[in-house]
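The values are calculated or read from the model by the stated rules, or taken from the named source; none is laboratory data. Note that this is a predicted model, so its numbers are computed, not measured. Please note: Cβ atoms are built from the backbone with ideal geometry, for glycine as well, and neighbour counts cover all protein chains shown. Calculation scope for accessible area: heavy atoms of the full protein, side chains included, ligands and nucleic acids excluded. Shrake-Rupley method; radii C 1.70, N 1.55, O 1.52, S 1.80 Å.
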Amino acid sequence: MGKSVFNAISEIINQAEDMCAFSVDFSDDSYDIQSSGRMAALVDENSNPLEQFCYNRRIHESDGAVITAFCRDLLGSKNNPIYESRYGISFRANLSENAEDNTAEYSWLILTIAIDRDEELRARCIVGHLRIMNHAEMLNKTIIDSFTNDKHPRVFASRAQAIVSDESRKSAIVQFDIEKFKLINTAYGEEKGTEILNFIVNGMASICNERQVCLRLSADVFMIAVAYDDISEIEELIEKISERLGHYQNINYKLVFGINIITDRTLSLRKQGDRAAMARQSIKGNALTNVCYYNDTQENKLVSRKFIEDRMYYALENEEFAMFLQPKYSISTAGIVGAEALVRWIHPERGMLSPAEFIPVFEADGFITMLDEYIWEQACKALRRWMDMGYTPIPISVNISRVHLVDDKFIDVLDGLIAKYDIPKNLLETEITESLENAGDTAAIKKLKERGYMLLMDDFGSGYSSLNMLKNTPFDVIKIDRDFFSEFMLSDRGKKIISHTISMSKDIGLDMVAEGVETREQAEFLEMCGCDVAQGFFYSKPVCLEEFEKLAFFGADNEKDMRLEA
Ligand code: C2E
Ligand code: CA
Ligand code: CA
């Protein structure tokens, strides 16, 4: 397109006053400029016009940043896909003779750009013209600027408001952001981060149709107002965004979406956006999903989540977290053969909080790694204490959250604790939840095994599990999940499955622990199947260290009751 279009425009310019036409050919970085009248003062014919706009002293200081960003995007578009082929933007500039005179009157200018792109949507050539706005254009300025729709919140607000308040159609506010965007900046540099954001900004301009308006709310948070007839339109939009904008060059990242289906049109746009944000935040760090619809309970949940996050560091420092121990019993002898360390949050105002309330929050925000390490240390301290007091120490298993498994640094932490408290490695066992990703072949799990730790597969049977995966597993012990056997025990067929799972596991050298044993009947059945170790309320709830020591070292009065008659 280049030359011929440029020639056509410069023809017009020759006849018009106060105009400037230019082209930039990216194949050899050459450019052409022709200007007439007052515009001659604004652009110099001896350097790239887009670069000039970035540094032009005549541009009003309030508009400078927007124009610079705009021209930088265009300059970058020879390497990066650019989704719009046409842009317009308005700005103020001083056209008087003295460029330094900041008392001078500013004129509103309009810069219009057409882009010729290759198959990969990278710009080959840009042709543009710049002229003073006429009166009608001044009145419609927001519409002109909506070409560059991410940079103008007011344009978005008025169009989004129109969509939301139009009762003839359904509407929704969608928000999305890049998960762990900060990590991308750290790993690839801020410049790459900015490139990615620009890539998304440009991409959104081409993805959104006339019933969808998009705004970039902050660095990596985007908001879209959508009018729709069928919910599938929203799903398609999200799919499109994830597919086209969810990776940049060789960098993959996850986009997380919150959707607020508008039910109450009287709420302010801000509130509607907040609801989409709550939905988005409620699934932060959730590996299983990246899309969430707003519902009322999220508002409450978020309050408690905030309550938890505001307090967690303080709580750790002030020893509000305590290690409880739940004994593991030998079914045949009714003696304690081990213990699991379980965290409790003893909150001064709220009382004892159960892990179900706070562990998911900590897993999402990463705090779980600190808390785990704290509990591991408490376990080591207890083991040291028992040895010092001359008791035969009882092995304690600690939970290793999946968040640790991304690398093997946590193994050094464990090693450090073992060394610090000088305890035999076999006394500190590790529990890891089985899952599809870590069916035992995670590098970190293998390494843990190599370094001599006992591995217990937690929650076996609760989610993804297959007997097949036990074949080459590095785990030493399988912990059968409570739900698995309590449910299966209800039918004969289920009982057979449990009994065969146990005998097969034993056959291949795996030990078993049954979790959540609540009744004598369950204990009897498990023993019959060949599983001798059980943990559950039938024997004992998790108890504080002092209580545990009473049970373990001073003999339990009720031991006889728990012993099953042969
Ligand atoms: P889990 O590792 O499967 O721990 C067993 C859970 O089952 C414990 O719940 C325990 O109190 C409960 N339980 C034991 N016996 C019975 C029974 O007979 N009946 C019933 N209904 N429940 C029983 P708790 O302590 O609330 O912990 C819940 C989960 O929180 C744990 O499940 C574990 O996934 C996580 N968790 C607890 N402490 C820690 C920790 O220090 N670090 C990490 N990463 N996760 C922890
Ligand atoms: Ca566990
Ligand atoms: Ca478990």
Next item on the list: Could you pull out every one of the helices (runs of 4 or more DSSP H) wholly within segment 459-538 that has 3 or more residues that are modelled with pLDDT of 90 or more and closer than 22 Å to Ile396 by Cβ?
Entry: none
Note to self: Under 8 Å between Cβ atoms, which residue pairs at least 6 apart in sequence (or on different chains) link something in segment 481-508 that is within 17 Å of Leu470 (Cβ to Cβ) with a partner that is modelled with pLDDT under 90 and among the polar types (S, T, N, Q)?
What the structure shows: Asp481/Ser462; Phe484/Ser462
Margin query: Which condition from (1) basic (Lys, Arg); (2) more than 16 Å from ligand 1 (Cβ to nearest atom); (3) out of contact with any Pro (no Cβ under 7 Å at 6 or more places or on another chain) is the one that Lys479 breaks?
Written below: (2)
Check: Which residues, taken from segment 56-80, are at pLDDT below 85 and either within 16 Å of Ala99 (Cβ to Cβ) or over 37 Å from the mean Cα position of the chain (by Cα) (or both)?
Finding: His60, Glu61, Asp63, Gly64, Ile67
Check: What residue, among those in segment 380-439 that are more than 27 Å from Ala364 (Cβ to Cβ) and touching a Gly at 6+ places or on another chain (Cβ under 7 Å), is farthest from ligand 2 (Cβ to nearest atom)?
Finding: Lys425
Item checked: Selection from segment 338-359 of residues that are within 16 Å of ligand 2 (Cβ to nearest atom) and either on the phi > 0 side of the Ramachandran plot or surrounded by 15 or more Cβ atoms within 10 Å (Cβ to Cβ) (or both) -> Gly338, Ala339, Glu340, Ala341, Leu342, Val343, Arg344, Pro355, Phe358, Ile359
Next item on the list: Return the total of residues in segment 26-67 being among the polar types (S, T, N, Q) and over 18 Å from Ala123 (Cβ atoms).
Entry: 7
Notebook entry, point to check: What pairs can you find where one residue is in segment 363-380 and farther than 19 Å from Lys284 by Cβ and of a type in the set (Phe, Trp, Tyr), the other is outside any helix (DSSP H, G or I) and at pLDDT 95 or above, and their Cβ atoms are less than 8 Å apart, with a gap of 6+ or different chains?
Noted result: Tyr374/Phe321; Trp376/Ala341; Trp376/Val398; Trp376/Leu428
Next item on the list: Kindly list the number of the only condition in (1) open to solvent by 50 Å² or more (accessible area, probe 1.4 Å); (2) within 16 Å of ligand 1 (Cβ to nearest atom) that fails for Arg493.
Entry: (2)
Check: Considering Gly193, Gly189, Gly203, which residue is of a type in the set (Gly, Ala, Ser) and at positive phi?
Finding: Gly189
